Amino acid sequence: KQWYQRRVRGDYVCRKGDIGREMFIVKQGMLHVTADDGRALATLSDGSYFGEISLLNVGKNGNRRTANVRSVGYSDLFCLRKEDLLHALNDYPEMREVLKEAARKKLNLNNQSPNNNNNNNN
(Lines give C-alpha, C1' and ligand atoms only; values in the text may rest on other atoms or scores of the structure.)
Protein backbone atom coordinates (compact mmCIF):
# COMPACT_ATOMS: atom_id res chain seq x y z
CA LYS A 1 0.00 0.00 0.00
CA GLN A 2 1.41 3.34 -0.94
CA TRP A 3 0.20 6.87 -0.74
CA TYR A 4 1.12 10.04 -2.52
CA GLN A 5 2.73 13.28 -1.32
CA ARG A 6 3.42 16.56 -3.08
CA ARG A 7 6.31 18.66 -1.80
CA VAL A 8 7.18 22.24 -2.64
CA ARG A 9 10.53 23.99 -2.98
CA GLY A 10 12.53 23.87 0.23
CA ASP A 11 10.40 21.22 1.99
CA TYR A 12 12.34 18.59 3.89
CA VAL A 13 11.01 15.11 3.22
CA CYS A 14 13.19 13.67 5.96
CA ARG A 15 15.96 14.84 8.25
CA LYS A 16 19.07 13.06 9.41
CA GLY A 17 18.47 11.38 12.78
CA ASP A 18 14.68 11.08 12.44
CA ILE A 19 13.14 7.65 12.86
CA GLY A 20 12.34 6.10 9.48
CA ARG A 21 8.73 4.99 9.11
CA GLU A 22 8.44 5.01 5.31
CA MET A 23 10.48 5.05 2.14
CA PHE A 24 9.88 7.24 -0.88
CA ILE A 25 9.88 6.83 -4.65
CA VAL A 26 10.19 9.98 -6.75
CA LYS A 27 7.36 10.04 -9.28
CA GLN A 28 8.30 13.46 -10.62
CA GLY A 29 10.57 16.27 -9.53
CA MET A 30 14.02 16.81 -8.09
CA LEU A 31 15.32 16.55 -4.54
CA HIS A 32 18.73 17.02 -2.96
CA VAL A 33 20.35 14.83 -0.38
CA THR A 34 22.03 17.45 1.80
CA ALA A 35 24.78 17.61 4.38
CA ASP A 36 24.10 19.14 7.77
CA ASP A 37 25.44 22.46 6.44
CA GLY A 38 22.90 22.42 3.56
CA ARG A 39 25.41 21.45 0.88
CA ALA A 40 23.93 19.16 -1.81
CA LEU A 41 25.58 15.72 -1.77
CA ALA A 42 23.39 14.01 -4.37
CA THR A 43 20.42 14.71 -6.60
CA LEU A 44 17.35 12.48 -6.78
CA SER A 45 14.92 12.60 -9.70
CA ASP A 46 12.14 10.63 -11.40
CA GLY A 47 12.39 6.95 -10.47
CA SER A 48 14.87 7.44 -7.60
CA TYR A 49 14.04 6.00 -4.21
CA PHE A 50 15.25 6.77 -0.71
CA GLY A 51 14.50 6.00 2.91
CA GLU A 52 15.09 2.27 2.64
CA ILE A 53 18.28 2.40 4.73
CA SER A 54 16.46 3.19 7.96
CA LEU A 55 13.60 0.78 7.19
CA LEU A 56 16.00 -2.13 6.71
CA ASN A 57 18.24 -1.08 9.64
CA VAL A 58 21.33 -1.08 7.42
CA GLY A 59 24.31 0.77 8.82
CA LYS A 60 25.34 2.07 12.21
CA ASN A 61 22.27 4.29 12.69
CA GLY A 62 19.68 1.51 13.01
CA ASN A 63 16.22 2.83 12.13
CA ARG A 64 17.37 6.49 12.05
CA ARG A 65 17.59 8.52 8.86
CA THR A 66 21.14 8.85 7.57
CA ALA A 67 20.64 12.05 5.55
CA ASN A 68 18.50 15.11 4.94
CA VAL A 69 16.39 15.10 1.77
CA ARG A 70 14.96 18.39 0.53
CA SER A 71 12.74 19.21 -2.45
CA VAL A 72 14.34 21.48 -5.06
CA GLY A 73 11.00 22.43 -6.65
CA TYR A 74 7.65 20.71 -6.80
CA SER A 75 8.13 16.99 -6.17
CA ASP A 76 5.59 14.20 -6.36
CA LEU A 77 6.46 11.20 -4.22
CA PHE A 78 5.02 7.79 -3.57
CA CYS A 79 5.38 6.71 0.06
CA LEU A 80 5.65 3.12 1.23
CA ARG A 81 5.23 2.39 4.95
CA LYS A 82 7.78 0.19 6.70
CA GLU A 83 5.29 -2.56 7.53
CA ASP A 84 4.08 -2.68 3.92
CA LEU A 85 7.64 -2.87 2.58
CA LEU A 86 8.56 -5.65 4.99
CA HIS A 87 5.37 -7.55 4.11
CA ALA A 88 6.24 -7.34 0.39
CA LEU A 89 9.83 -8.40 1.07
CA ASN A 90 8.58 -11.52 2.87
CA ASP A 91 7.06 -12.55 -0.47
CA TYR A 92 10.21 -11.55 -2.41
CA PRO A 93 13.22 -12.28 -0.15
CA GLU A 94 15.70 -11.80 -3.01
CA MET A 95 14.57 -8.17 -3.25
CA ARG A 96 15.42 -7.68 0.44
CA GLU A 97 19.02 -8.52 -0.39
CA VAL A 98 19.01 -6.31 -3.50
CA LEU A 99 17.74 -3.34 -1.43
CA LYS A 100 20.21 -4.04 1.40
CA GLU A 101 23.14 -4.20 -1.01
CA ALA A 102 22.07 -0.93 -2.66
CA ALA A 103 21.74 0.63 0.79
CA ARG A 104 25.24 -0.51 1.75
CA LYS A 105 26.61 1.07 -1.43
CA LYS A 106 24.85 4.36 -0.62
CA LEU A 107 26.32 4.32 2.87
CA ASN A 108 29.81 3.60 1.55
CA LEU A 109 29.49 6.60 -0.77
CA ASN A 110 28.82 8.71 2.32
CA ASN A 111 31.81 7.20 4.18
CA GLN A 112 29.63 5.44 6.71
CA SER A 113 30.47 1.88 7.60
CA PRO A 114 27.47 -0.41 7.10
CA ASN A 115 26.42 -2.94 9.69
CA ASN A 116 26.13 -6.30 7.99
CA ASN A 117 23.13 -7.36 10.06
CA ASN A 118 21.37 -10.01 8.00
CA ASN A 119 18.52 -10.54 10.45
CA ASN A 120 15.30 -10.87 8.47
CA ASN A 121 13.36 -9.07 11.22
CA ASN A 122 14.87 -5.67 10.37
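The values are calculated or read from the model by the stated rules, or taken from the named source; none is laboratory data. It should be emphasised that the depicted structure is a prediction, and the values quoted were computed from it without experimental measurement. Here Cβ is always computed from backbone atoms with ideal geometry, including for glycine, and neighbour counts include all displayed protein chains. SASA here: full protein model, heavy atoms, side chains in, ligands and nucleic acids out. Shrake-Rupley method; radii C 1.70, N 1.55, O 1.52, S 1.80 Å.
Quickly work out the Tyr74-to-Ala35 label distance, labels modelled 7 Å from Cα along the C-beta direction, and quote it in nm with one decimal.
3.3
Averaged per residue, what accessible area in Å² does the chain show with a 1.4 Å probe, protein chains only? Please list the in-between numbers first.
Details: 7080 Å² over 122 residues.
About 58 Å² of surface per residue is accessible.
Run the quick spin-label model on Asp18 and Thr43: label points 7 Å from Cα toward the beta carbon, then report their separation in nm to one decimal.
About 2.3 nm separates the two model spin labels.
Tell me whether the chain comes out rounded, prolate or oblate; compute the Cα gyration tensor, take square roots of the eigenvalues as a ≥ b ≥ c, and use a/c under 1.5 as the rounded threshold.
Working: a/c = 1.98, a/b = 1.28, b/c = 1.54.
Oblate.
What is the packing order of peptides 101-107, 75-81, taking the mean over residues of other C-beta atoms within 10 Å and listing the highest first? Could you put the intermediate results ahead of the total?
Working: 101-107: 16.9, 75-81: 19.0.
So the peptides 101-107, 75-81, ranked by packing, come out 75-81, 101-107.
Whenever you get a sec, line up Thr43, Thr66 from highest to lowest accessible area (probe 1.4 Å, protein heavy atoms). Display every interim value, and only then the final one.
Working: Thr43 80, Thr66 25 Å².
Highest to lowest solvent-accessible surface, that is Thr43, Thr66.
Taking all protein chains in place and a 1.4 Å probe, what share, in percent, of the accessible surface of the chain do carbon and sulfur account for?
On the way: 3310 of 7080 Å².
Percent of accessible area from carbon and sulfur atoms in the chain: 47.
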